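**Q** Would you mind keeping the following structure in view while I ask a few things?
The values are calculated or read from the model by the stated rules, or taken from the named source; none is laboratory data. Keep in mind the model is a prediction, meaning the values are calculated, not measured. Because the Cβ atoms are built from the backbone with ideal geometry, glycine has one as well, and the counts that use them run over all protein chains shown. All accessible areas refer to the heavy atoms of the entire protein, side chains included, with ligands and DNA or RNA removed. Shrake-Rupley method; radii C 1.70, N 1.55, O 1.52, S 1.80 Å.
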Amino acid sequence: GGALLVAPADPESIYFPPGADGFAPVPLKRLPFSSILVSSNDDPFAEPGFGQRCAEAWGSRLANPGAAGHINAESGVGDWPFGRALLDELTHA
(Lines give C-alpha, C1' and ligand atoms only; values in the text may rest on other atoms or scores of the structure.)
Protein backbone atom coordinates (compact mmCIF):
# COMPACT_ATOMS: atom_id res chain seq x y z
CA GLY A 1 0.00 0.00 0.00
CA GLY A 2 1.06 3.42 -0.98
CA ALA A 3 -0.01 6.46 -2.95
CA LEU A 4 1.33 8.37 -5.90
CA LEU A 5 -0.03 11.88 -5.45
CA VAL A 6 0.26 14.00 -8.58
CA ALA A 7 0.02 17.78 -8.91
CA PRO A 8 -2.02 18.76 -5.86
CA ALA A 9 -3.63 22.12 -6.52
CA ASP A 10 -3.71 24.77 -3.81
CA PRO A 11 -7.40 25.55 -3.16
CA GLU A 12 -6.43 28.73 -1.32
CA SER A 13 -4.49 30.13 -4.26
CA ILE A 14 -5.95 32.85 -6.46
CA TYR A 15 -5.16 30.53 -9.39
CA PHE A 16 -7.35 27.67 -8.18
CA PRO A 17 -9.99 26.84 -10.82
CA PRO A 18 -13.24 28.70 -10.14
CA GLY A 19 -16.20 26.51 -9.26
CA ALA A 20 -14.08 23.69 -7.79
CA ASP A 21 -15.41 23.86 -4.25
CA GLY A 22 -14.87 21.75 -1.15
CA PHE A 23 -11.11 21.21 -1.32
CA ALA A 24 -10.07 23.66 1.39
CA PRO A 25 -8.50 23.41 3.79
CA VAL A 26 -5.99 20.83 2.60
CA PRO A 27 -5.43 18.32 5.42
CA LEU A 28 -1.81 18.47 6.53
CA LYS A 29 -1.56 15.28 8.59
CA ARG A 30 1.02 12.55 8.11
CA LEU A 31 -0.26 9.75 5.88
CA PRO A 32 -0.27 6.23 7.38
CA PHE A 33 1.31 4.69 4.26
CA SER A 34 4.20 5.28 1.87
CA SER A 35 3.68 8.06 -0.62
CA ILE A 36 5.37 10.04 -3.34
CA LEU A 37 4.13 13.51 -4.24
CA VAL A 38 4.83 14.85 -7.74
CA SER A 39 4.87 18.64 -7.98
CA SER A 40 6.32 20.63 -10.88
CA ASN A 41 8.12 23.96 -10.68
CA ASP A 42 5.51 25.83 -12.67
CA ASP A 43 2.09 24.38 -11.84
CA PRO A 44 -0.38 27.21 -12.49
CA PHE A 45 -2.73 25.87 -9.78
CA ALA A 46 -0.21 25.86 -6.92
CA GLU A 47 1.96 28.58 -5.47
CA PRO A 48 5.70 27.85 -5.40
CA GLY A 49 6.48 25.71 -2.37
CA PHE A 50 2.95 24.30 -1.96
CA GLY A 51 4.00 20.81 -3.07
CA GLN A 52 7.00 20.89 -0.74
CA ARG A 53 4.84 21.89 2.24
CA CYS A 54 2.34 19.12 1.50
CA ALA A 55 5.08 16.53 1.05
CA GLU A 56 6.65 17.47 4.38
CA ALA A 57 3.30 17.38 6.22
CA TRP A 58 2.20 14.11 4.63
CA GLY A 59 5.58 12.37 5.05
CA SER A 60 5.80 11.97 1.27
CA ARG A 61 8.91 11.87 -0.84
CA LEU A 62 8.82 14.86 -3.19
CA ALA A 63 9.48 14.13 -6.86
CA ASN A 64 9.95 17.21 -9.02
CA PRO A 65 9.71 16.71 -12.81
CA GLY A 66 10.94 20.28 -13.40
CA ALA A 67 8.86 22.65 -15.51
CA ALA A 68 5.91 20.40 -16.37
CA GLY A 69 2.95 22.69 -15.68
CA HIS A 70 -0.13 21.11 -14.14
CA ILE A 71 0.25 17.38 -14.68
CA ASN A 72 -3.06 15.85 -15.74
CA ALA A 73 -4.66 14.03 -18.69
CA GLU A 74 -4.69 17.23 -20.76
CA SER A 75 -1.03 18.09 -20.15
CA GLY A 76 0.27 15.82 -22.91
CA VAL A 77 2.53 13.60 -20.80
CA GLY A 78 1.39 10.51 -22.72
CA ASP A 79 2.57 7.25 -21.17
CA TRP A 80 4.60 9.36 -18.72
CA PRO A 81 7.73 7.29 -18.02
CA PHE A 82 8.60 9.57 -15.07
CA GLY A 83 5.33 8.71 -13.32
CA ARG A 84 5.55 5.02 -14.25
CA ALA A 85 8.99 4.80 -12.62
CA LEU A 86 7.61 6.37 -9.43
CA LEU A 87 4.64 4.02 -9.39
CA ASP A 88 6.98 1.06 -9.90
CA GLU A 89 9.05 2.32 -6.96
CA LEU A 90 5.96 2.30 -4.72
CA THR A 91 4.68 -1.08 -5.83
CA HIS A 92 8.06 -2.82 -5.51
CA ALA A 93 9.04 -1.35 -2.15
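**Q** Pairs only if they're at least six apart or on different chains, beta carbon under 7 angstrom, first in the range 55-84 and on the phi < 0 side of the Ramachandran plot and assigned to a loop (DSSP other than H, G, I, E, B), second among the β-branched types (Val, Ile, Thr) and modelled with pLDDT of 90 or more; list them, first residue then second.
**A** Sorted first by the residue in the range 55-84, then by its partner, the pairs are Ser60/Ile36; Pro65/Val38; Ile71/Val6; Ile71/Val38.
**Q** Could you list, in sequence order, the residues of the range 63-93 that are under 13 Å from Asp42 (Cα atoms), at pLDDT 85 or above and polar (S, T, N, Q)?
**A** Asn64, the sole residue that qualifies.
**Q** Got a number for residues in the range 43-82 being more than 25 Å from Leu28 (Cβ to Cβ), among the hydrophobic types (A, V, I, L, M, F, W, C) and open to solvent by less than 60 Å² (accessible area, probe 1.4 Å)?
**A** 2
**Q** Moving to a separate point now. Cβ-Cβ under 7 Å, sequence separation 6+ or interchain: first residue in the range 12-24 and modelled with pLDDT of 80 or more, partner surrounded by 11 or more Cβ atoms within 10 Å (Cβ to Cβ) and acidic (Asp, Glu). Which pairs?
**A** Taking only residues 6 or more apart or on different chains, the pairs are Ser13/Glu47; Phe16/Asp10; Ala24/Glu12.
**Q** Now for a different question. From the list Leu28, Leu5, which one is exposed (fewer than 14 other Cβ atoms within 10 Å of the Cβ), of a type in the set (A, V, I, L, M, F, W, C) and either closer than 17 Å to Glu89 by Cβ or touching a residue at least 12 places away in the same chain (Cβ under 8 Å) (or both)?
**A** On the way: Leu5 fails: exposed (fewer than 14 other Cβ atoms within 10 Å of the Cβ).
Answer to the check: Leu28.
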